[in-house]
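Visitor: Input: one structure, supplied below.
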Amino acid sequence: MIKIKIIHNQTGESREQKLTSEMLSQGRGLIGRHPNCDLVLNSSDVSRVHARIICQEGQYYFSDLGSTSGSIFNDETAQTNQNFFLKSNDMIRVGDFILLVKEVDAKAARAGKSAVNLGQIAAVLVIVPVLVVLVVLATTHASLAVDGTALEKLLDNGINFFSHLNQ
């Protein structure tokens, strides 16, 4: 989870908004003046879809998406699609707005990722022994009359299953 304080530079109005690693991993985290953006910044200096915050490997990043007026990250002009690692107290200027990073909970983002890995490990621990037993039975006990094509399909499906775990 990342908490951002949004300050309108002209009016002084501010609000805080949280973005979770789950929503960011689903392709959200858009910043702009369009009402479907996750951080809506109502100003003509802000592009409809101006920038994005993403979560990768438990780390949060900001990038300008080729906006008309650009973005400034901690006094550095952001190039299009340049990723900036986010940490507490980072400051991003987008049009008339200042986005102040208040809190970054990278542990929660990594915990969500490791939970998926534990699920994958559990699936492997169940599937592998079943496949091994079937192969051993099929190759050592001819009396079982296991169809070779069916066994081949089962092994192919098991291999496909494991290849999807690594994606």
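Visitor: By how many nm would the segment from Glu13 to Ile98 lengthen if fully extended, with 0.36 nm per residue of separation less the alpha-carbon distance?
Guide: 29.5 nm
Visitor: So which GluC sites (Glu not before Pro) in region 1-64 end up in coil per DSSP with only 14 or fewer other C-beta atoms within 10 Å?
Guide: Sites meeting the loop and neighbour criteria: Glu13, Glu57.
Rule-based calculations on the coordinates, nothing more; no lab input. These numbers were taken from a predicted model, which means no experiment stands behind them. Reconstructed Cβ throughout: ideal geometry from the backbone, glycine too, with neighbour counts over all protein chains shown.
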